[in-house]
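J.: One structure coming up, written as structure tokens, with questions to follow.
Derivation of every value follows stated rules applied to the coordinates shown; laboratory data play no part. For clarity, every value in this text was computed on a predicted model and none was experimentally measured. Every residue, glycine among them, receives a Cβ derived from its backbone with ideal geometry; neighbour counts consider all protein chains shown.
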Amino acid sequence: MQFSDTHIAPPGGLAYGRVDTAAHLEKAVAAVDRLSHAPLAVLVTGDLANHGDDEAYRHLRALLAPLRCPVYLMPGNHDDRAALRRAFPEHAYLQSNNSTDADGFIQYDIGFPGLRLLTLDTVIPHASHGSLCAKRIGWLADRLAEAPQTPTIVALHHPPFRAFLDYMDGIGLREGSDALADVVSRHPQVCRILCGHLHRSVQTHWAGTLVQTAPSTAHQVWLDFSSGGAKGFGMDPPGFLVHAWVDGEPLVSHLMFNERFEGPYPFRGE
């Protein structure tokens, strides 16, 4: 399961003075509970808080608490690593003495039945765009070399490809995409690259694999392909991605919406 770009504010706050991101996340969490199968885990691919403050992360913690599965958090450009760690001290994978490097990057390795998850930290403090330095790329290369036969998901906040959303592309992954492509193309076990940041469900073939971004659980970037476009957001139906697999079979992803709709109805009719 993949949530992204939750942009939680302190209780009572609105993102951009307009969006009740907490109410939307509550609906997303409720939608997970309606699924026919309980998830093994929920991955949240960045921009967890709207401004990276302690109160917002405490609010996020409370909103995610009803999920009855492990939750794995990743930082995005709106996040603050130190505040995130303070709010979730029992999440060992976030702590710098566990699975992050000496610079404090939040990168970790999680094993699921028949599948592996490796996360990359693309954050540059106080910047909107992302970067992958040699240390972060080297960590990924070393982890991939450990298990070349295990199907692997690589997750990062900033997508490494051009989405033709001009403003968002300008604050995408500015450094390190070529080095990332080189590592990924040499490791065919990478079956998917999962990202956030774009606030839309977007897919493309890149470096020999599929790259996929999740929608926001709240507001979506406005679909505008014009020069200088995609500077704003709209209230398209919010949602998240459901990733499903059986050991030995390909990963399959579904787009799920927060809202509860009518149905199911039988296909047979009068």
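J.: Which condition number in (1) under 18 Å from Thr217 (Cα atoms); (2) more than 16 Å from the chain's Cα centre (by Cα) is the one that Ala127 fails?
T.: With (1) under 18 Å from Thr217 (Cα atoms); (2) more than 16 Å from the chain's Cα centre (by Cα) applied to Ala127, the lone miss is (1).
J.: For region 1-51, which residues satisfy the criterion of being on the phi > 0 side of the Ramachandran plot and without any contact (Cβ under 8 Å) to a residue 12 or more places away in the chain?
T.: Hits for region 1-51 are Gly12, Gly17.
J.: Can you tell me which of (1) of a type in the set (Gly, Ala, Ser); (2) touching a Pro at 6+ places or on another chain (Cβ under 8 Å); (3) assigned to a loop (DSSP other than H, G, I, E, B) is the one Gly52 doesn't meet?
T.: (2)
J.: Further question on the same structure: Right, Pro70: touching a residue at least 24 places away in the same chain (Cβ under 8 Å), under 16 Å from the mean Cα position of the chain (by Cα) and surrounded by 22 or more Cβ atoms within 10 Å (Cβ to Cβ) or not?
T.: When the stated conditions are applied, Pro70 does not pass them.
J.: A further question on this structure: Does Arg86 qualify as being outside any loop (DSSP other than H, G, I, E, B), more than 19 Å from Phe240 (Cα to Cα) and of a type in the set (Lys, Arg)?
T.: It is true that Arg86 is outside any loop (DSSP other than H, G, I, E, B), more than 19 Å from Phe240 (Cα to Cα) and of a type in the set (Lys, Arg).
J.: Exactly one condition in (1) surrounded by 19 or more Cβ atoms within 10 Å (Cβ to Cβ); (2) over 23 Å from Ala23 (Cβ atoms) is not met by Arg162; state its number.
T.: (1)
J.: Can you tell me how many residues in region 174-192 are touching a helix residue (DSSP H, G or I) at 6+ places or on another chain (Cβ under 7 Å) and under 11 Å from Pro160 (Cα atoms)?
T.: Qualifying residue count for the region: 3.
J.: Taking region 59-79 as the region of interest, how many residues are closer than 29 Å to Pro125 by Cα and touching a Pro at 6+ places or on another chain (Cβ under 8 Å)?
T.: 1
J.: From Gln107, Gln149, which residue is in a loop (DSSP other than H, G, I, E, B) and over 30 Å from Pro10 (Cα atoms)?
T.: The conditions single out Gln149.
J.: Could I ask something else about it? Just one of (1) in contact (Cβ under 8 Å) with a residue 24 or more places away in the chain; (2) more than 30 Å from Ser226 (Cα to Cα); (3) buried (at least 16 other Cβ atoms within 10 Å of the Cβ) trips up Val123, so point out which.
T.: Val123 satisfies all of (1) in contact (Cβ under 8 Å) with a residue 24 or more places away in the chain; (2) more than 30 Å from Ser226 (Cα to Cα); (3) buried (at least 16 other Cβ atoms within 10 Å of the Cβ) except (2).
J.: If you check Gly176, Gly229, which single one turns out to be surrounded by fewer than 23 Cβ atoms within 10 Å (Cβ to Cβ) and at positive phi?
T.: Gly176
J.: Collect the residues in region 73-96 that are of a type in the set (A, V, I, L, M) and over 22 Å from Pro159 (Cβ atoms), keeping them in residue-number order.
T.: Within region 73-96, Ala82, Ala83, Ala87, Ala92, Leu94 meet the criteria.
J.: On to the next question. Taking the criterion of being within 19 Å of Ser4 (Cα to Cα), in contact with a Pro (Cβ under 7 Å, 6 or more places away or on another chain) and either touching a residue at least 40 places away in the same chain (Cβ under 8 Å) or not basic (Lys, Arg) (or both), would at least one residue in region 90-98 satisfy it?
T.: No, that holds for no residue.
J.: Any idea which of (1) in a loop (DSSP other than H, G, I, E, B); (2) crowded, with 16+ Cβ neighbours inside 10 Å; (3) among the basic types (Lys, Arg) is the one Arg116 doesn't satisfy?
T.: That leaves (1) as the condition not met.
J.: Can you give me the number of residues within region 39-67 that are closer than 30 Å to Val246 by Cβ and surrounded by fewer than 22 Cβ atoms within 10 Å (Cβ to Cβ)?
T.: Total meeting the criteria: 8.
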